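Inspection log for the structure reproduced underneath, given as structure tokens.
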Amino acid sequence: MAKKIFNIDGNLITFVGSKGEEVSGDSEDCKFVGGHFDGTNCVIKAKPHNPNLTNERNILGQGNTIDTLGQNNNVLGNFHTIDNVDGSHTIGRFAHTTRHGEFNHAYTTAKGRTQRSVLMFEGTTTDANYTEIYLGGVSGKRFIIDETKDLILGFEAYVLAYRVDSGGVGDCMNKFQHATFEYTITSRTLSQVGSTGTKTNNKNHATSWNNRFVATSGTPDFIKVECQGHNGQTIHWSVVLHVFELKTSAI
């Protein structure tokens, strides 16, 4: 007759001996409780784990709604809505997370009514053309807009550029910007409000280095993040946005 379990410590299972003492047990004891006997001890054998095949989620809170296709999302708080996005972090109350890799914080009265988030873009330029860069450097992952609400978006941008080819390793740029965009349901239009404010620090770079944010029609509309380098130069770009959002029709 198989022995009863005495204790489970981590992945180690021990059993009750004939005098009530703690013993290692044998293969039959281990098999009975579904463990793996390694010749000396009974252990809980970890199942093969492949995060690329599972929708990993860490959720602490209540009333949260997560799209069935969303992957690798961490949620803390209540009544959040997380769309079909990957690698997001959502905290507070009533946040609406819509963008890949978004770190989103809300403490508000309705879904996404008032929230702030962080978005990180990266990419490379090799010529003087404007080149779109993407969230996490993944093609097609963009700064999309919630077209179900009237909204205003204000953001601060930190634009970092660093030349990596042999002709000018170490040339760099750091730019701080702020910009505002508006979306209205009645006209179905996304537009920039005013001009982008800029403060820049440079080191030995060509004057053509630049970046811009472009209101772009799509399904849904999005703010395109583009960078411009220089012919014959390989430049790595990172653009980090601190986004502040108000959705008026959510009230």
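No value in this document is a laboratory result; all are computed from the given coordinates. The structure displayed is predicted, hence computed values, not measured ones. With ideal geometry, Cβ positions are generated from the backbone for all residues, glycine too; neighbour counts draw on all protein chains shown.
For this structure, a couple of remarks:
- For segment 116-251, the dipole from Cβ point charges (+1 on Lys and Arg, -1 on Asp and Glu) about the Cα centre works out to 180 debye, to the nearest 20.
- Straight-line reach from Lys31: taking Cα to Cα under 24 Å and skipping same-chain neighbours fewer than 8 places apart, the lysines in range are Lys3, Lys4, Lys19, Lys45, Lys47.
- Electrostatic dipole magnitude of the chain [Cβ: Lys, Arg +1; Asp, Glu -1; Cα centre; debye, to 20]: 500
- When the listed pairs Lys175/Lys224; Lys203/Lys224; Lys111/Lys149; Lys111/Lys247; Lys199/Lys247 are checked against a 19 Å cut-off, the alpha-carbon distance exceeds it for Lys203/Lys224; Lys199/Lys247.
- Other residues whose C-beta falls under 15 angstrom from the C-beta of Leu119 contribute a net charge of -4, scoring Lys and Arg +1 and Asp and Glu -1.
- Net charge contributed by nearby residues that have their C-beta within less than 14 Å of Lys141 (K/R +1, D/E -1): -2
- Ordering of 131-141, 227-237 by packing [mean C-beta count within 10 Å, highest first]: 227-237, 131-141
- As an equivalent ellipsoid, the chain spans semi-axes of 50, 26, 14 angstrom, where each value is the square root of five times an eigenvalue of the C-alpha gyration tensor, largest first.
- Shown here is the pair-distance distribution of segment 78-131: with all Cα-Cα distances grouped in 5 Å bins from zero up to the longest one, the shares run 5, 21, 25, 17, 8, 8, 7, 6, 3, 1 percent.
- Couplings for segment 62-69, taken from phi via the Karplus curve 6.51 cos²θ - 1.76 cosθ + 1.60 with θ = phi - 60°, read 9, x, 8, 10, 10, 4, 4, 9 Hz in order; Gly and Pro are left as x.
- Helical runs assigned H by DSSP (4 residues or longer) give the chain a calculated mean residue ellipticity at 222 nm of -500 deg cm²/dmol, each run adding -39500 (n - 2.57) before division by the residue total.
- Filtered trypsin sites (Lys or Arg not before Pro), segment 1-42: DSSP coil and at most 10 other beta carbons within 10 Å: Lys19
- Spin-label pair His242-Ile152: with each label point 7 Å from Cα along the Cα-Cβ axis, the two points sit 1.9 nm from one another.
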